[in-house]
Structure formats: C-alpha cells, structure tokens
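Trainee: Pasting in a structure now, in structure tokens, and then I'll have a few things to ask.
The values are calculated or read from the model by the stated rules, or taken from the named source; none is laboratory data. Bear in mind that the values here come from a model prediction, so they are computed numbers and not experimental data. Positions of Cβ are backbone-derived with ideal geometry, glycine not excepted, and every protein chain shown enters the neighbour counts.
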Amino acid sequence: MDQKRIIESRPNLIIACTFSFIVLLCCLAAGYKFWLNNQDSTIDGYSIEQELLSNDIALEQSSSSITEQEMINELNHEFIINDGDTLGSILEEANISSNDSSAIITAFSKKYSPKKLNIGTVIEINLAKGSNNSAAILDNMVVNVSNLKKISVALNASNEYIATEIVVPVVEKIIYQQGSIKNSFISTASELSIPANAVMSMIRAFSYDVDFQRDIKRGDKLEVVMEKFYTEDGKLSHTGNILYSSLTLSDRKISIYQMTDENGEVSYYNEKGESIKKEFLRTPVNAAKISSKFGMRNHPVLGYSRMHKGVDFAAPIGTPILAAGSGTVEAAKRFGGYGKYIKIKHNGTYSTVYGHASKFAKGIKVGSKVKQGQVIAYVGMTGITSGPHLHYEVLQNNKQINPLKFKFASNSQKLTGKSLELFKKQKKKVEKYFTQSS
C-alpha cells in the first residue's frame, strides 16, 4: 500500500522539480542581464546617468544661447522715418527716456539739423541691456543723413552723448547713356536708372523748349552724361548730377550742359553758353495732356459754343501746378467758373492765370513773390468743369492770347569772360565721354 502511494506521487515530484529548475534559470538570466547592463553603463568609467546629465546641461546651454540671441535682436532696432515722424518720436518709440532723448537730440543737432531729416531716412538704434521695468538706454545710434554721410551718437567716457560724423567712402564714375523713347520720356529715363527727382529736374529744364505732350514721339533719342557713385565693393550707392542731357526730336536737337561756377552755384546752358531759361515755361504742369485748345468750342458743361480763352491740361487731382514765370501773385481765391484761381503778374506786359485748382500751395496769397517753376497750386476740378484739369491763360496787356502760339522770349543771359572759359572747360570734359562710349 505504501509502495503504491510512492509510485503514484512520483509524477508530482517530477513536475515540482522541473518547475523549480525553470525558476532557477529565469533568476540566473535576470541576474546576468543586470550585470551586463551595469557593465555597459560604466564603460571607461562613464555612466549612463552622467550622459543624461550632460545632455541636460547641453540643452540648458542651447536654450540659454537662443535667449541671448533673442535679447540681441530686441536691443537692435532699425527705424525708417515716415510722414509725421521726428527724431524725438523715433527715440520715444525705442523706449528712450525723455531726458536721454533730449540729450541725444542736442548732441545730434551739433552735426546735423533734425528738421532736415527726410521721409525714408534710416535710423539704426542699439540699446544697452537694462532693467525690464526701466526706460531703454542708448548704446549707439546711427542716422543715414545722406548717401555720403552718417551721424553717430553714443555715450563717451564721461557718460555724455557725443555725435560723430562718418563719411561713407564711395568711388565716382562718369557714365554716358542713351535710350530710344518708346512709350514716354519718363519710362525711358527710368530704364537708364535716372532717379525720379533728377527726371523731374530734366523735364523742367527741357520745358522751356519742349512741349512734352506734343513734341516727343516714339523713336526720339535721350542722351545723358551723369555721375554715379559706387561703394568699395562695387555696388551702386547713388546717382549724382546730370552733367549733360540732350533730346533728339524729329525736327531738332536740344542739348543742355550743367555748369558749376566758382561759388558752387549750378546753372544750365546750351552749347553756345546761353542760358536755357526763358521768360515762361511752355507748360505749367509736367507731362500733362492738352484736353482743350485756345479758340471757339462747344462747352462740355454749359452745352453751347463760346470762346475758350486758354488751354486745358488734363491731369490727375493733386498734380503740382508750376508758376510759368517769376512774378507777384495778384489773386488767389475762388472766382466764378474758374473755381480756385490764381493770377500772377510777371511784368508790365504779361500775366498768367491758373484755374480749377484743388488747393493752393503753402504760402500762396495776394502779394506773394513766386519764382519760375515754383509749385503754386494743385490740379483739381473746382468751378465749372467736367473733369480734373488745369485751365491756363496767358494775358498780354490784360488780353488773353493763345499760349500755344506765344513766342517765349529768352532771358538772354550769356556767359562771357572767365565764366565762358570755365564753361568751355567743363563742356570739353563732358564731351570726351561721347567718344569713349562710341
């Protein structure tokens, strides 16, 4: 009976032993794995924990570096003067205190008048690191007052703001260029990289002899000799004076030479040394279209025929109206169908009239002295008119004459003596660039 029990219990014993053996193997495997992992984490004495710690430090350093760069960006600013801005308003925008701002402007004014800063002027402001709750402290300010000059303001060793003038190094080149007129004078001048202000100066100079609406045709030629200034790395900095310009029209060629006298005064002459200026401009609005000529016509608003005693120049509202000649303002007011109206007396014989203006230029009133080419008003459509334009009249002994047939008298200013010799030298210097370009 006992032997039978022993035989019956053997299978259970075998199962128990087998289970115990499997558990032992698992324990041995786990121990080996732990030993192996511990060996890997201490290779060359460098533990995994140390590596993780180093990664954390590197991450903190990276985060710190980004923060410093962001702080640098926050301390460095570039402002561009827009309409209504002043140097004071720019400094206020940069969070400079009023006391510091006043001291900065005072220092700057010793080198350059803040009132002369133009729209588009770039101002670089670098701030010193300070308290988050306090006003910013200026480290350095650089104002690009011109293409050739910058003004820098910074604190000196005595903690005072000092301004320094910085001359921008450039290389001057004299360039000859020519272009064929395809669409307009302005577009051709733009293709030759002539800046807008210089283009308008050229138009004013040619306006004594050229009607830009009627005289210029496709295929006419524009030539210029001009100064161009380049930075030390060869980039174009800016364009200087136009020393010579010419328009070759279908029936004539008009050449204009710039002359700078011994006092630095600039004037313009033809190839004979005669002033290009005439008593009146041919057109008192630049690049405007003649919409109605002098003579009988059917009035576009009133609907019946009557004498049109002037010339109408169609142009957008706000286009500047120029004084055709120098003189004294006799009237600046609303006047019946003329709307806003200006009359200028030039001498004992001639007067000019300008009608339908949207507004008068600043300072234009009865008794004002005006110079030829000065802006006196702006195109509008006040009074009796069907659209924006300038109504322009020329009066001879108080009687209207046809402005388009009026013979524009020359100012008859001719160079003589030393002035003529100086002109010839400058003219010869310019003309050598004609041959170099061919």
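Trainee: Among what's in the range 216-242 and is in a loop (DSSP other than H, G, I, E, B) and within 25 Å of the chain's Cα centre (by Cα), pick the residue that is surrounded by the most Cβ atoms within 10 Å (Cβ to Cβ). Give the steps one after another, and end with the answer.
Mentor: Keep residues of the range 216-242 that are in a loop (DSSP other than H, G, I, E, B), which gives 216-220, 232-235.
Narrowing further to those that are within 25 Å of the chain's Cα centre (by Cα): 232-235.
Working: E232: 10, D233: 5, G234: 7, K235: 8.
Selected residue: E232.
Trainee: Considering only the range 360-369, I want to know if a residue exists there that is assigned to a strand (DSSP E or B), in contact (Cβ under 8 Å) with a residue 12 or more places away in the chain and aliphatic (A, V, I, L, M). Quick ask: steps written out before the conclusion?
Mentor: Going residue by residue through the range 360-369, those that are assigned to a strand (DSSP E or B) are 360, 369.
Within this subset, residues satisfying the condition of being in contact (Cβ under 8 Å) with a residue 12 or more places away in the chain are 360, 369.
Then keep just the ones that are aliphatic (A, V, I, L, M); that gives none.
Looking through the range 360-369, none of the residues is assigned to a strand (DSSP E or B), in contact (Cβ under 8 Å) with a residue 12 or more places away in the chain and aliphatic (A, V, I, L, M).
Trainee: A further question follows. Restrict the check to the range 102-117 and report whether at least one residue is over 30 Å from H238 (Cβ atoms) and either at pLDDT 85 or above or acidic (D, E) (or both).
Mentor: Quick first cut of the range 102-117, residues over 30 Å from H238 (Cβ atoms) only: 102-103.
Those left that are additionally either at pLDDT 85 or above or acidic (D, E) (or both): 102-103.
Yes, the range 102-117 contains a residue that is over 30 Å from H238 (Cβ atoms) and either at pLDDT 85 or above or acidic (D, E) (or both).
Trainee: Residues that are assigned to a loop (DSSP other than H, G, I, E, B), assigned by TED's automatic domain parsing to the domain that holds D233, on the phi < 0 side of the Ramachandran plot and surrounded by fewer than 15 Cβ atoms within 10 Å (Cβ to Cβ): does the range 147-165 have at least one? Walk me through it before giving the result.
Mentor: From the range 147-165, those assigned to a loop (DSSP other than H, G, I, E, B) are 147-148, 156-160; that's our starting set.
Retained after the next criterion (residues that are assigned by TED's automatic domain parsing to the domain that holds D233): none.
No, the range 147-165 contains no residue that is assigned to a loop (DSSP other than H, G, I, E, B), assigned by TED's automatic domain parsing to the domain that holds D233, on the phi < 0 side of the Ramachandran plot and surrounded by fewer than 15 Cβ atoms within 10 Å (Cβ to Cβ).
Trainee: Do you know which residues across the range 202-212 are part of a loop (DSSP other than H, G, I, E, B) and surrounded by 17 or more Cβ atoms within 10 Å (Cβ to Cβ)? Lay out the reasoning, then the answer.
Mentor: Step one: of the range 202-212, the residues part of a loop (DSSP other than H, G, I, E, B) are 207-212.
Matches in the range 202-212: S207, Y208, D209, V210, F212.
Trainee: Within the group A198, A189, which residue is over 16 Å from P284 (Cα atoms) and without any contact (Cβ under 8 Å) to a residue 40 or more places away in the chain? Show your work before the answer.
Mentor: On the way: A198 fails: without any contact (Cβ under 8 Å) to a residue 40 or more places away in the chain.
Of the residues listed, the single one that is over 16 Å from P284 (Cα atoms) and without any contact (Cβ under 8 Å) to a residue 40 or more places away in the chain is A189.
Trainee: Hey, could you check the range 247-257 for residues that are of a type outside the set (F, W, Y) and crowded, with 18+ Cβ neighbours inside 10 Å and say which is farthest from the chain's Cα centre (by Cα)? Talk me through it step by step, then tell me what you get.
Mentor: Step one: list which residues in the range 247-257 are of a type outside the set (F, W, Y), which gives 247-256.
With the extra rule that they be crowded, with 18+ Cβ neighbours inside 10 Å, the set shrinks to 247, 254, 256.
Values: L247: 27, I254: 30, I256: 27 Å.
Only one residue fits best here, namely I254.
Trainee: While we're here: Determine, yes or no, whether K428 is farther than 21 Å from Y208 by Cα, free of Cβ contacts under 8 Å to residues at least 24 places away in the same chain and exposed (fewer than 12 other Cβ atoms within 10 Å of the Cβ).
Mentor: Values: farther than 21 Å from Y208 by Cα: yes; free of Cβ contacts under 8 Å to residues at least 24 places away in the same chain: yes; exposed (fewer than 12 other Cβ atoms within 10 Å of the Cβ): yes.
Taking the combined requirement at face value, the residue satisfies it.
Trainee: Considering only residues that are farther than 19 Å from L395 by Cα, modelled with pLDDT of 60 or more and surrounded by fewer than 15 Cβ atoms within 10 Å (Cβ to Cβ), which ones fall in the range 272-314?
Mentor: K272, E274, K289
Trainee: Pick from the range 338-359 the residues that are touching a residue at least 40 places away in the same chain (Cβ under 8 Å) and surrounded by fewer than 20 Cβ atoms within 10 Å (Cβ to Cβ): which of them is nearest to L322 (Cα to Cα)?
Mentor: S358
Trainee: Return the residues of the range 115-128 that are surrounded by 14 or more Cβ atoms within 10 Å (Cβ to Cβ) and out of contact with any strand residue (DSSP E or B) (no Cβ under 6 Å at 6 or more places or on another chain); say none if nothing qualifies.
Mentor: Applying the first criterion (surrounded by 14 or more Cβ atoms within 10 Å (Cβ to Cβ)) to the range 115-128 yields 117, 121, 123-127.
Selection gives L117, T121.
Trainee: Only one of these is more than 22 Å from the chain's Cα centre (by Cα) and either at pLDDT below 90 or farther than 21 Å from F434 by Cα (or both): N159, N147. Name it.
Mentor: Details: N147 fails: more than 22 Å from the chain's Cα centre (by Cα).
Only one candidate qualifies: N159.
Trainee: Does S246 satisfy the criteria of being closer than 24 Å to L420 by Cα and modelled with pLDDT under 90?
Mentor: Numbers: closer than 24 Å to L420 by Cα: yes; modelled with pLDDT under 90: no.
Here the answer is no, as S246 does not meet what is asked.
Trainee: While we're looking at this one, here's another question. Give the residue, chosen from K369, K407, that is at pLDDT below 90 and among the basic types (K, R).
Mentor: Values: K369 fails: at pLDDT below 90.
Checking each option against the conditions leaves just K407.
Trainee: Right, something else. Going by the structure shown, is S184 closer than 16 Å to S246 by Cα, modelled with pLDDT under 85 and touching a Lys or Arg at 6+ places or on another chain (Cβ under 6 Å)? Before the answer, list the steps.
Mentor: Numbers: closer than 16 Å to S246 by Cα: yes; modelled with pLDDT under 85: yes; touching a Lys or Arg at 6+ places or on another chain (Cβ under 6 Å): no.
It is false that S184 is closer than 16 Å to S246 by Cα, modelled with pLDDT under 85 and touching a Lys or Arg at 6+ places or on another chain (Cβ under 6 Å).
Trainee: Follow-up. Using the structure shown, decide if A157 is among the small types (G, A, S), in contact with a strand residue (DSSP E or B) (Cβ under 9 Å, 6 or more places away or on another chain) and over 22 Å from V225 (Cβ atoms).
Mentor: no
Trainee: How many residues, within the range 328-348, are outside any helix (DSSP H, G or I) and small (G, A, S)?
Mentor: Start the filter on the range 328-348 by keeping residues that are outside any helix (DSSP H, G or I), which leaves 328-335, 339-348.
Narrowing the set further to residues that are small (G, A, S) leaves 331-332, 339, 348.
Residues in the range 328-348 being outside any helix (DSSP H, G or I) and small (G, A, S): 4 in total.
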